[in-house]
Structures are given as structure tokens and as C-alpha cells.
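These notes concern the structure reproduced below.
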Amino acid sequence: MLLLPACKLKLTPLALVLSLAVSGVSILLCPIAINQSQAAEITPKLPGVKLSASKRFALVVGIDDYPEDPLGLPVSDAKLVKRELESVGFEVTLVINPTIGALTEARDAFVKKIDSSGDNVTALFFFAGHGVQFDGHNYLIPAKSKLLSAFSKAAFIDQAMDAQLGILNYLS
């Protein structure tokens with residue numbers, strides 16, 4: 001796992017995680033914090049990462065529909081990331097405000113697309129929305145969820161997506 005030193009952006013309340021899996025072998029994590037006033041201006045650079053002429057697929061998720069604590073920028077951030085990725089040759093699947101079922105379906109379709117595309121594939125997953133760390137696991141909170149006040153591991157396992165088990169392990 002490689003953490004990019006070039007992702008030195010000003011820390012703000014909105015934190016995003018960008019993950020890149022190249023040919024199903026390596027995973028690149030780049031935590032990005034974007035100031036709300038800068039969201040439309042920042043395009044993360046990936047120094048030292050050369051994207052070959054591989055097939056490029058991205059799953060971009062933006063969730064701001066949370067009854068307990070709605071967010072203002074994840075959907076617009078996801079749309080911005082989609083546009084930037086398409087400009088460098090990615091085929092992007094954009095998923096806006098998915099429930100856990102829709103998020104799982106999008107993930108499964110994404111993995112199927114990667115698996116059926118041969119050996120030279122670059123896959124990228126981007127998530128903007130609420131996440132919670134509980135008992136050593138990071139959970140991506142789906143839309144319309146009331147999990148932000150939950151304090152039960154069982155609730156997160158049943159109603160959220162474990163970032164490691166539910167996303168990164170599928171990509172590797």
C-alpha cells in the first residue's frame with residue numbers, strides 16, 4: 001500500500017478517499033481533504049503513477065442524503081471527479097445517493113466489468129459521503145441511513161459497507 005505524499009491539501013471537515021487498483025495487483029490510497037470553497041478547483045495529481053494504455057474503469061459514489069446529518073458537497077464532488085476522470089480516459093459509473101442495496105449492486109457490476117476486461121485494467125473507486133470507523137473497521141454509510149447515531153457493530157455490518165471487506169478486497 002502506498003500513501004501519496006503529494007496529497008498535502010488543507011484539512012477540512014470534508015474528507016474523501018481515492019483508491020486505485022492497477023491490474024488487480026496494487027492498491028493506491030490517497031486521502032484528500034477538500035475545502036468546500038475549493039471543491040470545484042482541485043484535481044488531485046498522481047505523481048509517479050503512470051496510467052498505461054489499459055482499460056480504465058471508475059466507480060464514483062456521492063452521497064449527501066442523510067436524514068440525521070445531510071451533507072452539501074458529496075454529490076457535486078462526485079460529478080466533478082467523474083468529469084475529470086473521463087477527461088483522462090476513464091469509463092465512469094456514477095452512483096448518486098445509493099441505498100446499501102444499490103451500492104452493493106453497483107460494486108458487483110463494477111467488479112464484473114473489471115473481471116471481464118482482461119489483464120490490463122486500471123480500476124478506481126471514489127467515495128464522497130459519511131463514513132464511520134467502528135471496532136477497527138471503516139464503514140461507508142449509504143443514503144437515507146440513520147446509522148450515524150448507531151453504536152452497534154451489528155447495525156454497521158447489516159446496513160453499511162465495510163470499506164476493506166466490501167470494496168478494497170473485491171478490487172484486489
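Put in line by how crowded their Cβ is, counting other Cβ atoms within 10 Å and starting with the fewest, S145, S54 read S54, S145. Taking 0.36 nm per residue of separation and subtracting the current Cα-Cα distance, fully stretching the chain between D135 and E86 would add 14.0 nm.
Spin-label pair N120-K79: with each label point 7 Å from Cα along the Cα-Cβ axis, the two points sit 3.5 nm from one another. For segment 117-172, applying the loop criterion from DSSP together with a ceiling of 12 other beta carbons within 10 Å to the chymotrypsin sites (Phe, Trp or Tyr not before Pro) yields F151.
With R₀ fixed at 22 Å, the C-beta to C-beta distance from D69 to T104 puts the FRET efficiency at about 0.45.
Counting only Cα atoms, segment 54-171 measures 43, 28, 21 Å along its principal axes, largest extent leading. In straight-distance terms, cross-link reach from K112 covers every one of the aspartates and glutamates whose alpha-carbon lies under 16 Å from its own, apart from those fewer than eight places away in the same chain; here that gives E91. Under the convention that each Lys and Arg Cβ holds +1 and each Asp and Glu Cβ holds -1, the size of the dipole of segment 54-171 around its Cα centre is about 200 debye. Here's how it looks for R56: its modeled amide H is under 5 Å from those of E91, T122, which are all 5 or more places away or on a different chain. Amide hydrogen proximity for D64: with H placed 1.01 Å from N in the peptide plane, the residues at 5 or more positions away or on another chain lying under 5 Å are V75, N97.
Coordinate-derived values only; no laboratory data. Since we're looking at a predicted model, the values are computed, not measured. All Cβ positions, even for glycine, are placed from backbone atoms using ideal geometry, and neighbour counts span all protein chains on display.
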